[in-house]
Every structure is written in structure tokens, then in C-alpha cells.
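Have a look at the structure below, then the notes.
Read-outs throughout are calculated quantities, based only on the coordinates presented, and are distinct from any laboratory measurement. What you see is a predicted model, and the numbers here were worked out from it, not measured in a lab. When we count neighbours, we look across all protein chains shown, and the Cβ atoms used for this are built from the backbone with ideal geometry, even at glycine.
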Amino acid sequence: MIAARLNELGIILPEASAPAAKYANAVIVNGLMYVSGKGPDTVERGKLGEDFTTEQGYEFARNAGIQVLAVVQDVLGSLDLVKRVVKVQGFVNASSSYQEHHKVLNGFSDLMMDVFEEKGVHARSVFGAVSVRDNLPLIVDSIFRVEE
């Protein structure tokens, strides 16, 4: 069912990206899948509020969500095994004066709700970061409740 929903939304999931260091893409414990932080699949690097607008950040966060979905599908074999998006944390690479972190992370949140509908509604935190890995615009960390 979720594959049909992705098709309706015009989303084609890429291959799951490999971890950037010595860790797993995801770990499942007691029905919760902890997905390691993922950034957008982009060559663009820099900070929100300096190099990018909030609107660009929204698209980066949406793209990071697609990267997360690719990992979830790779680990589970099907997104239909997702029972709920539980928690999302965003780390926005931002200038010290930037104030729209929450609007940036809406790109990720809106995608989860578009894909999973009510099961996509989640708890969320967003933080401004002085720097993030590889100077990506943001990194998103997420937790899903899944069927094992």
C-alpha cells in the first residue's frame, strides 16, 4: 500500500546510502527502529541563513526524509511494516542568527505525513547546529515503530 502511495506522490526511493562511518544505518529494539542520522542527497553544502533560504532548507529536509525512507525500506523490505513514525530530531546547520529551524524540518514532517498519513504524525525536536557532518545543510535522526 505504501508503494502505491509513493507512486501517487511521484517519489522513487533511491538505494539506501551506506553509513558514513562505523555504525549501522538502523537498529531495531523491541519494535522500535532507530535510524541513524541522514542528510539530503545533495552536493550543496553550507548553512541555513547564510548559504540557503528556509525554502531551500525545507526541500533539503524533504530529501533527507526520502533518504530515511530508503533505509527503512532496505532494512524492513517494505514500508508497509511501519506502524508509526514516533520521533524526529533535526539538526540544522545554521548561522547564529537563524530562527526558522522549525520551518525547515517541516519538509521532513510533511513528507512523513504525506506517505504514512495518520501514522506519520510524530513527536519532534529541532536544533540549530554550529556544524554538521560534511557541512551538510541538516541531519535528521528518526525513530519508527515497526512490525518485526
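What to note about this one:
- Modelled label positions at residue 43 and residue 118, each set 7 Å beyond Cα in the direction of Cβ, lie 4.5 nm from each other.
- The alpha carbons of the range 1-71 occupy a box of 41, 35, 20 Å along the principal axes, longest dimension given first.
- Helical content of the chain, expressed as a calculated mean residue ellipticity at 222 nm, amounts to -10500 deg cm²/dmol (DSSP H runs of 4 or more residues, -39,500 (n - 2.57) each, divided by residue number, nearest 500).
- Zero-based 10 Å bins, Cα pair distances in the range 88-127, whole percents: 30, 49, 18, 3
- Residue by residue, the range 89-104 carries 3J(HN,Hα) couplings of 10, x, 10, 8, 6, 9, 5, 5, 9, 5, 10, 10, 3, 4, 5, 5 Hz when phi is fed to the Karplus relation 6.51 cos²θ - 1.76 cosθ + 1.60 (θ = phi - 60°); x denotes Gly or Pro.
- Å³ per residue enclosed by the Cα convex hull of the range 63-148: 84
- Applying a DSSP loop filter and a limit of 15 other Cβ atoms within 10 Å to the GluC sites (Glu not before Pro) in the range 50-107 leaves 50.
- For trypsin sites (Lys or Arg not before Pro), the sites in the range 13-121 that DSSP calls loop and that have at most 15 other Cβ atoms within 10 Å are 22, 45.
- Normalised by the number of residues in the range 18-104, the mean separation of alpha-carbon contacts (under 8 Å, six or more apart) gives a relative contact order of 34 percent.
- On Cα atoms only, tilt of 54-76 relative to the major axis of the chain in degrees: 30
- Sequence-separation-based contact order of the chain, relative, with Cα cut under 8 Å and 6+ spacing, percent: 35
- Kirkwood Rh, Cα atoms: Rg over Rh of the chain: 0.95
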